[in-house]
Every structure is written in C-alpha cells, then in structure tokens.
Amino acid sequence: MGGENVRLYVKGQVLGYKRSKANQENHTSIVKIDGVVTRKETEFYLGKRIVYVYKAKTQKQGTYFRAIWGRVMRPHGNAGQVKAKFSSNLPPISLGGGVRVMLYPSRV
C-alpha cells in the first residue's frame with residue numbers, strides 16, 4: 001500500500017434546486033453522482049455525507065478553502081440523481097459545480 005492515493009469520496013455535480021413550475025426550494029439541491037445511472041444504484045448513497053468545497057477571498061483558520069456539509073436524502077427521478085440537504089443552502093454560484101459524496105457513514 002506504499003504510494004497509493006486513496007480517495008474516500010465520489011465526485012458529483014450540483015444540477016439545481018428542488019423546484020416546480022412556479023416555485024424553487026433552495027433548501028434542497030439536486031445532485032448527479034458520477035457513475036450512477038439508475039434509481040436502484042442510488043440506494044447505496046442514501047444517508048451518505050456530501051460536501052461542497054469552495055475557495056474564499058479571505059483566510060480563516062489558516063486556509064482559503066471552506067466547506068458546506070450536507071447529506072444525501074432520497075433519489076430524484078430514474079436517472080441516478082439524488083436530492084441532498086446542506087447545513088446552509090448552497091449559493092447560486094455552486095450550480096454546475098462539483099461536490100464530493102463521501103463513502104461514509106456505512107449502512108452495511
């Protein structure tokens with residue numbers, strides 16, 4: 001196990017907010033997880049932690065990077081998308097941006 005890099009997350013993209021024809025609910029985001037293409041495959045990721053990492057202009061606690069943590073709540077549609085809730089609502093600049101879907105907590 002010498003020089004291997006171990007990644008404890010799967011990449012994903014923020015597609016948008018939960019919405020209807022007239023209303024948009026910012027407290028729930030729709031996320032596409034890489035490599036997941038069916039509703040059945042999303043079952044593994046339900047309850048997993050998810051994080052949006054971004055870079056800020058000012059330094060806090062010795063770093064420019066900040067994170068908004070959330071959790072995968074439920075599937076969305078039949079194409080492998082999921083709904084996620086974050087500790088604070090994701091900013092509009094995050095739409096189309098990347099997130100990390102952590103492989104914990106385990107439900108096995």
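Details
- Complete set of residues in the stretch 72-96 that are assigned to a loop (DSSP other than H, G, I, E, B) and either surrounded by fewer than 14 Cβ atoms within 10 Å (Cβ to Cβ) or hydroxyl-bearing (Ser, Thr, Tyr) (or both): GLY77, ASN78, ALA79, SER87, SER88, PRO91, GLY96
- Any hit, the stretch 29-36, residues being open to solvent by 30 Å² or more (accessible area, probe 1.4 Å) and in a strand (DSSP E or B): yes
- Within the stretch 37-71, restricting attention to residues that are in a loop (DSSP other than H, G, I, E, B) and polar (S, T, N, Q), the residue that is farthest from VAL108 (Cα to Cα) is GLN61.
- Of all residues making up the stretch 1-21, the number that are over 19 Å from LEU95 (Cβ atoms) and exposed (fewer than 12 other Cβ atoms within 10 Å of the Cβ): 8
The values are calculated or read from the model by the stated rules, or taken from the named source; none is laboratory data. Keep in mind the model is a prediction, meaning the values are calculated, not measured. Don't worry about glycine lacking a Cβ; one is built from the backbone with ideal geometry, like all the others, and counts go over all protein chains shown. Accessible surface areas use protein heavy atoms only, side chains included; no ligands, DNA or RNA. Shrake-Rupley method; radii C 1.70, N 1.55, O 1.52, S 1.80 Å.
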